[in-house]
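First comes the structure, then the notes that go with it.
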Ligand code: NDP
């Protein structure tokens, strides 16, 4: 194979382009392991990367796709052999290194996780960066003392990727879950995932602005951020924590010290990109086993063909996709 099909972004004379092309094998990046990609997935960051002003791609041309799962076809690293099933998320994938929207990918062995036996490549991509981020959020909350008997856990952006998997993981781990959404039409879906309560995203905002609200939640998983984070922090119980991973609702909020100094609330930052390998191995193992969400392929994820990718990338920025999108590549 001298060329392989990829979805790539380029700077052009007119400005910017993102589309399918045949990329040359000789232009592949450095890396010890070459993977035949079976599935990738669509994340919010991929949507941004496919736009001219997304500010996530470090240099062009770039094959996009921050996630991939597939089979090793060549390896000079002792940890991996031809035929091994692997998954990779984050690091420089699809940002500073060619990513998963391609028939072939070459990457450093240190970025690869051996796929646990009880997880197929398609299931791994149904989880993808979004699922991994939800799992990392739950792990950090538990590391900070969260247990199912402490009370309900709030999940914002629950109809989206991180939010939907967070609802399912929490339910699987025995937590009472309150799902916050801007889409009343997704109530049944969120209940099927395991939410015990579904609230409108506007419901957390008090009539009169205040940093301290009724103490409702033991913890929160928040991929939405923005002004809503003020209400999330204000609604936590004494000693509760919010795991903040995203900015689907904005990058800034009006902060107040009072939830921290009067209620001992914790703000936990979640970064899936540079997360250490030891934690990755542990979380992929958990997601393949005791945390594996029910309904992952039937309810949460939808499969699309490679050709349908451009439309989906636009949709995720509009906030109209429910759950996760798996892209069939190979
Ligand atoms: P999705 O688009 O799948 O989900 C985002 C959800 O947020 C939407 O479905 C919607 O849920 C809600 N939402 C969208 N727009 C708004 C708005 N204006 N105000 C309030 N809520 C809104 O994206 P992902 O789940 O893939 O990613 C979510 C965020 O997390 C992104 O900002 C992404 O960049 C970030 N992220 C960060 C990671 C990290 O390592 N820190 C890793 C992965 C993602 P609903 O309709 O139910 O309200």
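Of 11, 45, 55, 122, how do they rank once you tally other Cβ atoms within 10 Å and put the fewest first?
With the sparsest Cβ surroundings first, the list reads 55, 11, 122, 45.
Of the residues 302, 254, 22, which exhibits the maximal mean-square fluctuation in a Gaussian network model of the chain defined by a 10 Å Cα contact cut-off?
The residue with the greatest mean-square fluctuation here is 254.
Hey, how many Å between the Cα centroid of segment 82-116 and the Cα centroid of segment 226-290?
27 Å
May I ask for the percentage of alpha-carbon pairs in the chain that lie more than 33 Å from each other?
26 percent
Size of segment 214-304 along its principal axes in angstrom, Cα-based, largest extent first?
42, 30, 26
Roughly how tilted is helix 277-288, in degrees to the nearest 10 and between 0 and 90, from the longest Cα axis of the chain?
The answer is roughly 80 degrees.
Consider all pairwise Cα distances in segment 129-269 and report the whole-number % of them above 28 Å.
7 percent
Counting only DSSP beta bridges with both residues in the chain, tell me the antiparallel percent, nearest 5.
So the antiparallel bridges amount to about 60 percent of the total.
State whether segment 1-72 is rounded, prolate or oblate according to the following rule on the C-alpha gyration tensor (a ≥ b ≥ c being the square roots of its eigenvalues): a/c under 1.5 gives rounded; otherwise a/b larger than b/c gives prolate, and the remaining case gives oblate.
Oblate.
Taking the Cα centroid of segment 1-46 and of segment 303-330, what is the distance between the two, rounded to the nearest whole Å?
With segment 1-46 and segment 303-330 each reduced to a Cα centre, they are spaced 16 Å.
Using a ≥ b ≥ c from the Cα gyration tensor of segment 1-121 (square roots of the eigenvalues), is it rounded, prolate or oblate, where a/c under 1.5 gives rounded and otherwise the larger of a/b and b/c decides, a/b for prolate?
Prolate.
Rounded to the nearest 500, what is the chain's calculated 222 nm mean residue ellipticity when only DSSP H runs of at least 4 contribute -39500 (n - 2.57) each, over all residues?
-7500 deg cm²/dmol
Got a sec? How would 60, 39 order by Cβ neighbour count within 10 Å, fewest to most?
60, 39
According to the square roots a ≥ b ≥ c of the eigenvalues of the Cα gyration tensor, what is the shape class of segment 51-169, taking rounded for a/c under 1.5, prolate for a/b larger than b/c otherwise, and oblate for the remainder?
Verdict is oblate for segment 51-169.
Give the span of segment 148-221's Cα atoms along each principal axis, as three whole-Å numbers ordered largest to smallest.
Its Cα atoms span 35, 30, 17 Å along the three principal axes.
Since every read-out is calculated from the coordinates, none of them should be taken as a lab result. From a predicted model like this one, the values you see are computed outputs, not experimental measurements. As a convention, Cβ positions derive from the backbone with ideal geometry for all residues, glycine included, and neighbour counts pool all protein chains shown.
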